[in-house]
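The values are calculated or read from the model by the stated rules, or taken from the named source; none is laboratory data. Because the structure is predicted, anything quoted here is derived from the model rather than measured. Positions of Cβ are backbone-derived with ideal geometry, glycine not excepted, and every protein chain shown enters the neighbour counts. These area figures cover heavy atoms from the full protein model, side chains too; ligands, DNA and RNA do not enter into them. Shrake-Rupley method; radii C 1.70, N 1.55, O 1.52, S 1.80 Å.
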Amino acid sequence: MRALVDLPISLSRESDVPLTVQLTGRLRDAMLSGALATGERLPSSRGLAAQLGVSRTVVTEAYQQLYAEGWLEGRHGSGTFVASMETPPGANGAAAAQAPAPKMARRAVPGDHVINLSPGRPWVRDYDVAAWKRAWRKAADLPPGDYPDPYGLPRLRELLADHLRRARAVAVGPENILVTRGTGNGLDLCAQALLGAGTRAGVEDPGYHVARTVFAARGAEVVACPVDEDGVIVDDLPAGLRVLYTTPAHQYPLGGRLPIPRRERLLAWARRTGATVVEDDYDAEFRYDVAPLPALYGLDPSRVVLLGTLSKSLAPDVGVGWLVGTPELLDRIAAIRRAVSDRTSGPVQQAVATLLERGDLDRHLRRMRLEYARRRAVVVESLGPVCRLRGDTAGLHVLAELPPGLAPRVMERAAERGVLLDTAERHHHGVERVHGLVIGYGSASLAQVRRGCQILAELIREG
Ligand SMILES: Cc1ncc(COP(=O)(O)O)c(C=O)c1O
C-alpha cells in the first residue's frame, strides 16, 4: 500500500521566481532524485496549499504543468500520482489507504492513578491487535536462524528505505540503511566507528543525556554545544569536534525546529571542519499545523548520519531503529558489529517488516498523530495562560518556561499529587540557562493530561 507523501518543500517569497515555477521545479527535482517515486500519491492541492501557505491556484497550476509534461497522472476520484512508463506499483494503493483502520484493543495498565507526564514516552496502550498478532505469526513461521546479517534483514532495509522516502523525503536505498536496536544502539555504533580516546564529541546543551553517556563511555571528550529557541547555535560550535549530535526535527528538550538557513549553515560548518553530524530524527513523525522540514541527511548525505527509531512511532520495547549513512560507513559499522557480536534480533526484524509491508505502521502513525494532537491541544489550552510554552508545534513534549528556581519546586509538589514530569534544568550539562518544566503528553490518556495540566497550572500560579 502506498501512503500519501509528506513533502518537505519550502518556497521563497523573496525570490523573483514565481511561486508556481518554484513549486513545479521542487516537485520535478523530488521525482528526479527518487524522493518521490513512481506510483506515489501527492497531497491534494488544497492540502499542499495550506501546508505551504500559498493559494490553491499555485498548486493546481504546478500540478497541471507536471501533468502536461508527463510527470504526473491522475486516477479519477483517487488523487494525483507520480507517473511511470509501466503500471505504477501503487495503482490500487489509494483505495487501500481509504480502508477504515481496524479496531484497536485497549490493554489495562496498572498504576493508572499516577499521571506520568515524563517526556520521551509514547502511548503504547492502543494498537491494532490483529495486525500485531499477524506480524508475529509470520515471524514465527520461520525457523530460528543463525547470526543475523549485521546490516539488517534485506527485506526490512528495503522497506525502511521506502518508509524514509515517503515519510522524510530522503532519497535512500537499502545500501544506506543498517537496522539497529534503536537510537541508543545507533549512537553507540557511531561512537565506535567515529570516536575514540582523545576525540571531541559535541552534544546539544541542554540535550539528550544518553548521547553524552554513550560518547563518554567510548572515550570521547564530550563538549556542550549551546542551543536557542530554534536549535543548535552554529556560530557557537566549539573547535575540533569530530562528531556533533543534534536533534533538528524537535530539539530535545527545548523543542525548537532548526530553520532551513541554519541547517545549511550547519552543513557548511561540517564540510569546512570535516566533522560528522549525527542527526537524531527524534519526534520527526509528529508535528502540528507546520510544514515538514527536510532532514539534514537529505541536504548532505556525505556529512550526516541519520538515526531513527520505532520507540516513539510504535513502542520502545520493540527495540528496532535505523542508521542511515554512506555505504563505506555502514561497512565499518558492520565490521564492528561482527567484532563485538552486536545484533538486532532476527524474528523482531521479521515482525517489523510485516508491519511496514502491510501498511500497519503507517495506519498506526496516522491514528496516533490525531490522538497526540488532541493531547497537545489540551496542554496548550491549560498551561498557555500561566506560562510561556515552547516547542509545541512538534513531538510529544513541550517546555513550560518558568522563572529560575520554580521548576524543581513545582516538580516536587506535582510528584506529591501523583503527577510525574521533568525539568529543563536536569537536561543541562553546563551552566543552567533555560528554566522550566519538560512535559510529555505521550504516555498519559487525554483525561490524565487534562487533570495533570490543571494541577500544574495551580502549582505554577501558587509560585
Ligand atoms: C532525544 C531522544 N532520541 C531518541 C530517543 C529514543 O531512543 P531509543 O530508540 O534508544 O529508544 C529518545 C527517547 O526518549 C530521546 O529522548
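Could you go through the range 309-321 in sequence order and give the Karplus-derived ³J(HN,Hα) for each residue, using 6.51 cos²θ - 1.76 cosθ + 1.60 with θ = phi - 60°, rounded to whole Hz, and x for Gly and Pro?
Going residue by residue, I get 8, 8, 4, 9, 7, 10, 6, x, 7, 5, x, 9, x Hz, with x marking Gly and Pro.
Over the chain, give the accessible area per residue in Å² for a 1.4 Å probe, as an integer.
Averaged over the residues of the chain, the accessible area is 42 Å².
For the range 119-214, which semi-axes, largest first and in whole Å, follow from the square roots of 5 times the eigenvalues of its Cα gyration tensor?
Sorted largest first and rounded, they come to 29, 19, 16 Å.
Roll a 1.4 angstrom probe over the protein heavy atoms and tell me the percent of accessible area of the chain that is carbon or sulfur.
Carbon-and-sulfur percentage of accessible area, whole number: 52.
Tell me, what HN-Hα J-couplings in whole Hz come from the Karplus equation 6.51 cos²θ - 1.76 cosθ + 1.60 at θ = phi - 60° for each residue of the range 335-342, using x for Gly and Pro?
Running phi through 6.51 cos²θ - 1.76 cosθ + 1.60 with θ = phi - 60° gives 5, 4, 4, 4, 5, 9, 6, 9 Hz.
In the chain, once you exclude exposed GluC sites (Glu not before Pro) (DSSP loop, at most 13 other Cβ within 10 angstrom), what's the longest stretch remaining?
230-463
Report, for the chain, the % of DSSP beta bridges that are antiparallel, rounded to 5.
60
Going by amide H atoms built from the backbone, whose H comes under 5 Å of the H on I9, apart from near neighbours?
Correct list: empty.
Near R271, within a Cβ-to-Cβ distance under 9 Å, what is the net charge of the other residues, with Lys and Arg +1 and Asp and Glu -1?
Result for the local shell: +1.
Mind jotting down the distance between the C-alpha centroids of the range 226-245 and the range 5-39, whole Å?
Measuring centre to centre over Cα atoms gives 29 Å.
Roughly how much of S313 is accessible, in Å² to the nearest 10, using a 1.4 Å probe?
My reading of the accessible area for S313 is about 10 Å².
For D422, which sequence-distant residues (separation of 5 or more, or a different chain) have an amide H within less than 5 Å of its own amide H, given hydrogens modelled in the peptide plane?
Distant-sequence amide H within range of D422: V438, G440.
For the pair E158 and D300, how long in nm is the line joining their label points, each one 7 Å along Cα→Cβ?
According to this spin-label approximation, the distance is 3.4 nm.
Using a cut-off of 14 Å between beta-carbons, work out the net charge of the residues near E416 (Lys and Arg +1, Asp and Glu -1, E416 not included).
Net charge in that neighbourhood comes out at 0.
Give me the extension gain from R366 to R272: residue separation times 0.36 nm, minus the current Cα-Cα distance, reported in nm with one decimal.
That works out to 29.9 nm of additional length.
If one puts a single equal scatterer on every Cα of the range 285-392 and applies the Debye formula without solvent, what log₁₀ I(q)/I(0) results at q = 0.17 Å⁻¹?
Each listed q corresponds, in turn, to -1.05.
Can you give the relative contact order of the chain as a percent, counting alpha carbon pairs under 8 Å and 6+ residues apart?
Once divided by the residue count of the chain, the mean separation gives 19 percent.
Pop a pseudo-label 7 angstrom from the Cα along the beta-carbon direction at both H209 and D317 and give the gap in nm to one decimal.
In this crude label model, H209 to D317 measures out at 2.3 nm.
For the range 416-463, I need the span (max minus min coordinate) of the C-alpha atoms along each principal axis, in Å, sorted largest to smallest.
On the principal axes, the range 416-463 reaches 37, 26, 16 Å in Cα extent.
How large is ³J(HN,Hα) for each residue in the range 359-369, as worked out from phi by the Karplus curve 6.51 cos²θ - 1.76 cosθ + 1.60 (θ = phi - 60°), to whole Hz, x for Gly and Pro?
x, 5, 5, 4, 5, 4, 4, 4, 5, 5, 4
From the protein chains alone at 1.4 Å, what is the descending order of accessible area for D6, D16, largest first?
Ranking D6, D16 by accessible area, largest first, yields D16, D6.
Under the rule of at least 5 residues apart or a separate chain, name every residue whose amide H is placed under 5 Å from the amide H of G202.
V223, R242, V243, L244, Y245
Using 0.36 nm per residue of separation minus the Cα-Cα distance, give me the extension gain between S33 and Y67 in nm, one decimal.
Value of the extension gain: 10.4 nm.
Grab the other residues whose beta carbon is less than 10 angstrom from that of G395, score K and R as +1, D and E as -1, and report the net.
Result for the neighbourhood of G395: +1.
I want to make sure I understand the PRE zone here: with the label point 7 angstrom from the Cα of R338 toward its beta carbon, which residues in the range 166-186 have backbone N atoms less than 19 Å away?
Label zone hits: 175-180.
Given a 1.4 Å probe and heavy atoms of the protein chains only, how would you sort V170, V210, largest accessible area at the top?
Listed by decreasing accessible area, they come as V210, V170.
Taking the radius of gyration and the Kirkwood hydrodynamic radius from Cα positions alone, what is the Rg/Rh ratio for the range 380-460, to two decimal places?
The Rg/Rh ratio comes out at 0.93.
For all pairs of alpha-carbon atoms in the chain, what percent lies in each bin of width 10 Å, listed from the first bin to the last filled one?
4, 19, 29, 28, 16, 3, 0
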